[in-house]
1. Restricting to segment 318-349, name every residue that is over 18 Å from the mean Cα position of the chain (by Cα), in a helix (DSSP H, G or I) and not charged (D, E, K, R).
2. Only one of these conditions is not met by V201: (1) over 18 Å from D87 (Cα atoms); (2) open to solvent by less than 50 Å² (accessible area, probe 1.4 Å); (3) not in a loop (DSSP other than H, G, I, E, B). Which number is it?
3. Do we find that A188 is assigned to a helix (DSSP H, G or I), among the hydrophobic types (A, V, I, L, M, F, W, C) and at pLDDT 95 or above in this structure?
4. G171 passes all but one of (1) buried (at least 21 other Cβ atoms within 10 Å of the Cβ); (2) in contact with a Gly (Cβ under 6 Å, 6 or more places away or on another chain); which number fails?
5. Hey, among I77, I62, which residue is more than 28 Å from Y227 (Cα to Cα) and either in contact (Cβ under 8 Å) with a residue 12 or more places away in the chain or part of a strand (DSSP E or B) (or both)?
6. Which one is farthest from S330 (Cα to Cα) among residues in segment 247-266 that are of a type in the set (G, A, S) and buried (at least 16 other Cβ atoms within 10 Å of the Cβ)?
7. If you scan segment 274-296, which residues turn out to be open to solvent by 50 Å² or more (accessible area, probe 1.4 Å) and either part of a loop (DSSP other than H, G, I, E, B) or touching a Cys at 6+ places or on another chain (Cβ under 9 Å) (or both)?
8. Is there a residue being closer than 21 Å to T115 by Cβ, in a loop (DSSP other than H, G, I, E, B) and at pLDDT below 95 anywhere in segment 235-250?
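The values are calculated or read from the model by the stated rules, or taken from the named source; none is laboratory data. Bear in mind that the values here come from a model prediction, so they are computed numbers and not experimental data. With ideal geometry, Cβ positions are generated from the backbone for all residues, glycine too; neighbour counts draw on all protein chains shown. Side chains are part of the model used for accessible areas, which takes the heavy atoms of the whole protein and leaves out ligands, DNA and RNA. Shrake-Rupley method; radii C 1.70, N 1.55, O 1.52, S 1.80 Å.
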Amino acid sequence: MPTPRRSVVLLAIIVAAGFMACSENKSTSEGVKLQGAGASFPAPLYQKWFKAYGASHQGVEIDYQSVGSGSGVKSVIDKTVDFGASDAAMSPEEMGRVDIGVQLLPMTAGTIVLTYNLKDVTGLKLSRQAYTGIFLGKVTKWNDPLIAKANPGVKLPDQAINVVVRADGSGTTFVFTKHLSAVSADFAKSPGVNKLPNWPVGTRSKGNEGVTASVMTTPGAIGYIEYGYAKSQNLPMAILENKSGAFVEANTASAQAALATAQFPDDLIAWVPDPDDKAAYPIATYTWLICYKQYKDKAKFQALQGLLNYCLTDGQKESDALGYIPLPASVVDKAKAAISNITLAPNAT
């Protein structure tokens with residue numbers, strides 16, 4: 001039988017353990033986790049933003065899954081995430097399937113480049129006719145006259161072109177096919193603008209990451225990826241002919257020239273599928289975070305509000321280093337104003 005002294009000690013241990021358990025439960029209950037999913041195009045920047053914000057805000061964790069724009073939009077519609085992300089924005093029909101409404105916010109911008117794997121060939125130039133022909137399956141050899149014409153003095157191999165395309169529903173694909181459709185009437189007819197088109201040619205790989213890996217390991221390959229991936233992997237990028245006939249490299253200045261004419265309507269969705277500026281890189285786009293217009297969880301609502309404001313202010317300073325385009329001040333102002341459309345539900349807890 002325990003002595004009185006041992007009973008007191010045992011009681012103290014039980015009380016202390018209970019106090020520790022309560023403290024742990026309190027800490028857990030005070031934390032908040034935001035779950036996001038969607039576009040792989042801005043994923044490197046988003047991951048950096050979310051990690052930095054979580055590190056400076058105790059108890060806030062943001063988990064973002066780079067699953068592609070199509071899956072991101074579906075997750076928003078199915079309400080399995082707290083926010084989504086899409087390079088293709090959302091269609092009116094998709095928005096109509098969310099009963100509590102959605103607010104799209106442009107977060108950053110970037111370019112889509114054509115990376116290729118050709119030994120001893122650098123500074124490859126591709127005319128509009130050449131690169132649309134490649135993705136239509138009509139230009140099949142690297143020494144095709146359409147490619148050779150823009151690259152005088154370059155020894156192009158008599159080698160098959162191995163096209164790599166996205167296997168998943170992709171906002172990057174949507175933007176790329178939107179551009180190709182603007183450039184080529186044949187492409188506009190088929191396969192046309194789509195997140196997951198029926199490509200007439202190409203090996204399919206998942207995500208920007210998958211396309212990058214496939215191109216890097218396949219001699220004679222070419223694929224479309226986000227500029228930041230190509231930059232981070234030090235991959236070659238084709239110099240593309242723009243609407244004015246100039247051959248332009250992808251960089252911050254040429255992307256800014258491409259996006260300068262974008263006019264944002266009330267829904268904050270704007271496209272520039274084939275920019276006119278002579279200095280513009282031809283394939284540039286904004287990309288969007290998708291939030292609900294109402295949240296039932298007060299802690300998540302407050303964490304999301306803080307995160308959005310961070311991304312639109314201090315977060316923008318991180319864009320250029322990772323190959324993204326900081327938002328113009330006018331776009332930041334419109335996006336920050338639109339945050340007010342995101343509210344707490346009347347029955348929020």
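1. Correct list: A329, S330, A337, A338, I339, S340, N341.
2. (3)
3. Details: assigned to a helix (DSSP H, G or I): yes; among the hydrophobic types (A, V, I, L, M, F, W, C): yes; at pLDDT 95 or above: yes.
Taking the combined requirement at face value, the residue satisfies it.
4. G171 satisfies every listed condition except (2).
5. Numbers: I62 fails: more than 28 Å from Y227 (Cα to Cα).
So the residue among I77, I62 that is more than 28 Å from Y227 (Cα to Cα) and either in contact (Cβ under 8 Å) with a residue 12 or more places away in the chain or part of a strand (DSSP E or B) (or both) is I77.
6. If we filter segment 247-266 for residues that are of a type in the set (G, A, S), which is where we start, we get 250, 253-255, 257-258, 260, 262.
Keeping just the survivors that are buried (at least 16 other Cβ atoms within 10 Å of the Cβ) gives 250, 254-255, 257-258, 262.
Working: A250: 23, S254: 19, A255: 17, A257: 15, A258: 16, A262: 11 Å.
Among them, the one singled out is A250.
7. In the first step, residues of segment 274-296 are kept if they are open to solvent by 50 Å² or more (accessible area, probe 1.4 Å); the result is 276-279, 293-294, 296.
Matches in segment 274-296: D276, D277, K278, A279, K293, K296.
8. Quick first cut of segment 235-250, residues closer than 21 Å to T115 by Cβ only: 235-242, 246-250.
With the extra rule that they be in a loop (DSSP other than H, G, I, E, B), the set shrinks to 235-236, 238, 242, 246, 249-250.
Within this subset, residues satisfying the condition of being at pLDDT below 95 are 235.
Among the residues of segment 235-250, at least one is closer than 21 Å to T115 by Cβ, in a loop (DSSP other than H, G, I, E, B) and at pLDDT below 95, which makes the answer yes.
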